[in-house]
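Participant: Before I ask anything, let me first share the structure, which is written out below as structure tokens.
The values are calculated or read from the model by the stated rules, or taken from the named source; none is laboratory data. These numbers come from a predicted model, not from an experiment. When we count neighbours, we look across all protein chains shown, and the Cβ atoms used for this are built from the backbone with ideal geometry, even at glycine. Remember, those area values only see protein heavy atoms, side chains included, never the ligands or the DNA or RNA. Shrake-Rupley method; radii C 1.70, N 1.55, O 1.52, S 1.80 Å.
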Amino acid sequence: MPDLAQDRMLLPTYEFKQDLIDAIREHAFLVIIGETGSGKTTQIPQYILEEMPEIKKIGVTQPRRIAAITVSKRVSEEQVTSLGKEVGYTIRFDDRTSSTTRLKYMTDGILLREAVQDPMLNQYSVVIVDEAHERTLETDVLFGLLKQTHRLRPDLKILVMSATLDVEKFSDFFDECPIFEIPGRTFPVQIVHHQSMKIQSLKSNFVSTAVETAFYIHTTEKSGDILVFLTGQADIERACQEFGDKCKELNYSRDVKYYEAEYRDDDVRDVAIYPLYASLETMEQRAVFEPARPGKRKVVFATNVAQTSVTIPGIKYVVDSGFVKEKSYDPNTGMDALLVTSISQAAATQRAGRAGRTAPGKAYRLYSSDSYDHMPPDTVPEIQRSSLLSTVLALKRMNIVDILHFEFIDKPDETLVMKALTQLFLLGAIDHNGVITDLGKQMNSFPLSPYLSRVIVSSAIEHECSEEVLTIASVLAGDHDLFRAPSPRQGEDVVAEAEKCKLKLAHHTGDHMTVLNVWRTWRDNDESKRWSRDNWVNHKALVTAKSVRSQLIDIMKDLKLPLVRARRIEIEKSGRKKDGRSRETVREVDAVPILKSFLTGYYTNVANKATGRSVFSHYSPDQHFGEKTSHSSSALVALHLHPLCALSDMFDRNKTKYSQIDWVMYMQVTYTNKAVMKGVSKILLDWVRSGKGHERIRQLASANLNGESAKITSKKRKQLLADDSTPASSAESSDTDAGTGTDAELEEDRKRLRKLEIDKIRERALARRNLN
DNA sequence: GAGCACTGC
């Protein structure tokens, strides 16, 4: 049995133990830099535990659930206690702490939730924010909150731990606190740049270049596994294919001396090729983490999962394409853009570092060192490229009313904040003075987007169908697709079979009721994994939804919101003509109250379909008020159905359902090379017009949403709200109702504007990156 | 006809 106590003394942090303790005693804030393997995450909290008996409780945050679990397990072993006693962890759905817990690892989201309950964080004497360099949305908000808490509770110790060297920003933010540097224990990585390649020209062919480079490494470098960073599933599958083809050629020519000579290391002629991205089934992923068999070289084509979330043992060579797929939220259109962009220097460093975990390594960058020099030093923090709806609501809940002047380490764009405030007002979560309402408080209790929370509340108190809505919301809350799509490689029969399964489960009103159908059929089949597999349903999505659902039920009970089953209605179905009679009545859940509930949250996400076309255009309710408000800017973006949507014509070869679509609501829209909606159901426009929320649009202009009293005049606010980057033509067209002009003319307009909008979105996404 | 990565009382 290994001597854990002795191992601990061998870690780089050990020789700084006393200095660290002294520094923590002396200062309220401390920044600690420690590279991977320094032991900072496991050791420093233990030093405090052991050497500072006056400390009550230590909280350590991690950006990922897995890290919170594994680290706390390790530490409880080192402390020779069982997990959950002195040392424990808390993550969503899993609390392994008790009244005796003095060291608690948790996700940053948990601490954020706790801060809403108790802004003073009274249970903690020390709070440690780990992996601060990742700059997650939650960490950034915690920074601001912790600084505020410190003013009220000067005894609270706050430690920020980060891997990057560029931490002066953290220190500056926390009153220029001292920075402690702990040497890491990684191996040197030699960096090789493709000197004649500019990153701009690489963009069109980085996949093939990456494959060639990996192949070059395989044939010329000594043993050691290869990790190739690409951007997404499509890239990765193509790369695996191309690399495999190249290797086949090579094996075919084994007898030819020329090829033989290319091997520098005779032991690794054979390769095992692995794709790695998050949506891979767990089983398919597992093999990547096992060592390759002797004589084989592992070649892994991966997304950014491999940059932060998972570590693959044995990697000696890294190929860095220089690109990443990055999500950024556009407050003007309310759309998420998911675009391939070049990475930051910090990301490049992190990728290269993956080659030196167990031995000296080598990183091949597909771009020149000049291109590297021109990359932005840091990735834009998440808070500057996300919707701030939940964040702003949580801050308002903590009575932080003036969000625009909240102390963020990096301020989000004002448009981003104003958009969140506007939407929260439209949802009824804040009032005219920017103060949270009772409804807003209820909404904040749910671990969901404020849109979905609004829907749930409404289903309980207005539309009497919370049982069903809860189910649908639980599934939609996760971003797994409910159906799995077969790869075309599996053959036409399989594709057809999958489509048949989906058609069988699809509901004619769209995705919401389809979710309910799938859920109930899954329950009827004992929640069996086999049933999911056979019916091309994503089992994981349902299992996760099940725990979410029971969590939501607990919250409903706390809030005293009733759980009500939706009414059943009798529907006449034309059955088979067995005995000459063709009718049969069935009792079914009434879709109307359910869809109406969803509309209370998503009434600004409504689109209508151009006649005979597959394109939708966004509807702005204020068209009917004859005035233009901020959110009307997206009025003419062309929207497309995601192919997995129940209403997509993929399910309906005769396109009967499809042609009957007039108005729809959607839960989400993402722009990649066009704007694609997910979670789409048919609605009636009257439901929108008669909805409560609709009226709030009119009231918007006179509200002081940020809540800073009279600091911003209403004129100034209108300016802030107005989308001045929208082309004038689009602004005008959004004022005129779709009733004027012929269909053909409108279609022309839409086409033209769609192009403008798309260029704008791309431009803005890029501009935001370059700004920072 | 489409899927970067995380997360939540």
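Participant: So the check is Cβ under 8 Å with 6+ separation or different chains; which pairs have a first residue in the stretch A:48-59 that's assigned by TED's automatic domain parsing to the domain that holds A:Met120 and a second one that's charged (D, E, K, R) and in a loop (DSSP other than H, G, I, E, B)?
Facilitator: A:Leu49/A:Glu86; A:Leu49/A:Arg102; A:Ile55/A:Arg102; A:Lys56/A:Arg102; A:Lys57/A:Arg102; A:Ile58/A:Arg102
Participant: So which residues in the stretch A:125-135 are closer than 23 Å to A:Glu77 by Cβ and either touching a His at 6+ places or on another chain (Cβ under 7 Å) or away from DNA strand B (no atom under 12 Å from the Cβ) (or both)?
Facilitator: A:Val126, A:Ile128, A:Asp130
Participant: Considering A:Thr61, A:Thr70, A:Thr42, which residue is within 16 Å of DNA strand B (Cβ to nearest atom), within 30 Å of A:Ala306 (Cβ to Cβ), open to solvent by less than 40 Å² (accessible area, probe 1.4 Å) and of a type in the set (Ser, Thr, Tyr)?
Facilitator: A:Thr61
Participant: Is it the case that some residue within the stretch A:603-612 is among the charged types (D, E, K, R) and either at pLDDT below 70 or part of a helix (DSSP H, G or I) (or both)?
Facilitator: No, because not a single residue in the stretch A:603-612 is among the charged types (D, E, K, R) and either at pLDDT below 70 or part of a helix (DSSP H, G or I) (or both).
Participant: If you don't mind, there's one more thing I want to ask. Checking A:Thr149 against (1) among the polar types (S, T, N, Q); (2) surrounded by fewer than 16 Cβ atoms within 10 Å (Cβ to Cβ); (3) assigned to a helix (DSSP H, G or I): exactly one of these is not met. Which one?
Facilitator: Result: A:Thr149 fails condition (2) only.
Participant: Give the stretch A:100-111 a look and list any residue that's touching a helix residue (DSSP H, G or I) at 6+ places or on another chain (Cβ under 9 Å), open to solvent by 20 Å² or more (accessible area, probe 1.4 Å) and more than 7 Å from DNA strand B (Cβ to nearest atom), or say none.
Facilitator: Matches in the stretch A:100-111: A:Arg102 only.
Participant: Having 3 or more residues that are within 13 Å of DNA strand B (Cβ to nearest atom) is the bar; report the helices (runs of 4 or more DSSP H) wholly within the stretch A:463-542 that clear it.
Facilitator: Where helices (runs of 4 or more DSSP H) fall fully within the stretch A:463-542 and carry at least 3 residues being within 13 Å of DNA strand B (Cβ to nearest atom), they are A:466-477, A:492-505.
Participant: Between A:Asp140, A:Asp155, which is assigned to a helix (DSSP H, G or I) and among the charged types (D, E, K, R)?
Facilitator: Selected residue: A:Asp140, the only one of A:Asp140, A:Asp155 that is assigned to a helix (DSSP H, G or I) and among the charged types (D, E, K, R).
Participant: Within the stretch A:221-245, take every residue that is outside any helix (DSSP H, G or I) and within 13 Å of DNA strand B (Cβ to nearest atom) and give me the one that is modelled with the lowest pLDDT.
Facilitator: Ranking the qualifying residues of the stretch A:221-245, first place goes to A:Gly232.
Participant: Still on this structure, please answer the following. Would you point out which residue out of A:Gln117, A:Gln123, A:Gln148 is among the polar types (S, T, N, Q), closer than 29 Å to A:Asp402 by Cβ and free of Cβ contacts under 8 Å to residues at least 12 places away in the same chain?
Facilitator: Just one listed residue meets the conditions, A:Gln117.
Participant: Identify, by number, the condition in (1) away from DNA strand B (no atom under 16 Å from the Cβ); (2) crowded, with 20+ Cβ neighbours inside 10 Å; (3) among the hydroxyl-bearing types (Ser, Thr, Tyr) that A:Thr415 doesn't meet.
Facilitator: Answer for A:Thr415: the failing condition is (2).
Participant: On to the next question. Quick one: which residue in A:Ala545, A:Ala473, A:Ala498 is under 19 Å from A:Leu280 (Cα atoms) and buried (at least 20 other Cβ atoms within 10 Å of the Cβ)?
Facilitator: Exactly one of A:Ala545, A:Ala473, A:Ala498 is under 19 Å from A:Leu280 (Cα atoms) and buried (at least 20 other Cβ atoms within 10 Å of the Cβ), namely A:Ala545.
Participant: How many residues does the stretch A:73-94 hold that are in contact with a strand residue (DSSP E or B) (Cβ under 6 Å, 6 or more places away or on another chain), within 16 Å of DNA strand B (Cβ to nearest atom) and either hydrophobic (A, V, I, L, M, F, W, C) or assigned to a loop (DSSP other than H, G, I, E, B) (or both)?
Facilitator: 2
Participant: Of all residues in the stretch A:429-447, count the ones that are away from DNA strand B (no atom under 13 Å from the Cβ), open to solvent by 10 Å² or more (accessible area, probe 1.4 Å) and part of a loop (DSSP other than H, G, I, E, B).
Facilitator: Count: 5.
Participant: Six or more apart or on different chains, Cβ under 8 Å: which pairs go from a residue in the stretch A:534-563 that's among the aromatic types (Phe, Trp, Tyr) to one that's more than 10 Å from DNA strand B (Cβ to nearest atom) and open to solvent by less than 60 Å² (accessible area, probe 1.4 Å)? Could you list them?
Facilitator: A:Trp536/A:Cys501
Participant: Here are some conditions: (1) outside the structural domain of A:Val515 (by TED's automatic domain parsing); (2) without any contact (Cβ under 8 Å) to a residue 60 or more places away in the chain. A:Arg484 meets all but one. Which one does it not meet?
Facilitator: Checking A:Arg484 against (1) outside the structural domain of A:Val515 (by TED's automatic domain parsing); (2) without any contact (Cβ under 8 Å) to a residue 60 or more places away in the chain, the one that fails is (1).
Condition check ((1) touching a residue at least 24 places away in the same chain (Cβ under 8 Å); (2) more than 25 Å from A:Arg297 (Cβ to Cβ)) across all residues:
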| site | (1), (2) |
| --- | --- |
| A:Arg185 | yes, yes |
| A:Ser208 | yes, no |
| A:His218 | yes, no |
| A:Glu221 | yes, no |
| A:Val228 | yes, no |
| A:Ala234 | no, no |
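Participant: Restricting attention to the stretch A:305-360, which residues are surrounded by fewer than 18 Cβ atoms within 10 Å (Cβ to Cβ), more than 15 Å from the chain's Cα centre (by Cα) and within 10 Å of DNA strand B (Cβ to nearest atom)?
Facilitator: Selection gives A:Val310, A:Val340.
Participant: On the basis of being open to solvent by 20 Å² or more (accessible area, probe 1.4 Å) and away from DNA strand B (no atom under 13 Å from the Cβ), does A:Asp118 make the cut?
Facilitator: Against the criterion (open to solvent by 20 Å² or more (accessible area, probe 1.4 Å) and away from DNA strand B (no atom under 13 Å from the Cβ)), A:Asp118 does not qualify.
Participant: Is it the case, given these coordinates, that A:Thr97 is open to solvent by less than 30 Å² (accessible area, probe 1.4 Å) and within 16 Å of DNA strand B (Cβ to nearest atom)?
Facilitator: So A:Thr97 fails the test.
Participant: Here's a follow-up. Show the residue pairs meeting these rules: Cβ distance below 9 Å; 6+ apart or different chains; first residue within the stretch A:382-395 and in contact (Cβ under 8 Å) with a residue 40 or more places away in the chain and closer than 14 Å to A:Met418 by Cβ; second residue near DNA strand B (Cβ under 9 Å from one of its atoms) and open to solvent by less than 20 Å² (accessible area, probe 1.4 Å).
Facilitator: Once the first residue is in contact (Cβ under 8 Å) with a residue 40 or more places away in the chain and closer than 14 Å to A:Met418 by Cβ and sits in the stretch A:382-395, its partners that are near DNA strand B (Cβ under 9 Å from one of its atoms) and open to solvent by less than 20 Å² (accessible area, probe 1.4 Å) give A:Leu389/A:Pro450.
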